[in-house]
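The values are calculated or read from the model by the stated rules, or taken from the named source; none is laboratory data. Bear in mind that the values here come from a model prediction, so they are computed numbers and not experimental data. Cβ: placed from backbone, ideal geometry, glycine included. Neighbour counts: every protein chain shown.
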């Protein structure tokens, strides 16, 4: 069983438990958010603080500064972060949330942990809809 299947099993178990609570109907996407948040929290427990690095937070390099000076505006840090988040999601699905969170923490950018949570929820939600395990809210 791969890491994606383990996350799906945790989601399905939580959904099943919540279905037993009378009068409560928790949206499936919220259940998925909770499961992934718990996984991230478990990954963060006892994980040593990572020293800040300059990953995505440093001033532009000489090359970037030259490009900016030459009016070359093809540098898009947001797309770099999005690409990194996509890679972190792939790692979370294939190798586990702990490995993905560890990589995000090494960046020294706390935004990445929160963004990873949101992106991972979206990715897994779409996958569960595609597999027919849940119905899309759209």
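Please indicate, with yes or no, whether at least one residue in the stretch 117-132 is modelled with pLDDT under 85, in a loop (DSSP other than H, G, I, E, B) and within 19 Å of residue 3 (Cβ to Cβ). Yes, there is a match, as at least one residue in the stretch 117-132 is modelled with pLDDT under 85, in a loop (DSSP other than H, G, I, E, B) and within 19 Å of residue 3 (Cβ to Cβ).
Residues that are surrounded by 13 or more Cβ atoms within 10 Å (Cβ to Cβ), out of contact with any strand residue (DSSP E or B) (no Cβ under 6 Å at 6 or more places or on another chain), modelled with pLDDT of 90 or more and assigned to a helix (DSSP H, G or I) occur in the stretch 37-44; there is at least one.
As for the stretch 93-110, it holds at least one residue that is in a loop (DSSP other than H, G, I, E, B), modelled with pLDDT of 80 or more and touching a helix residue (DSSP H, G or I) at 6+ places or on another chain (Cβ under 7 Å).
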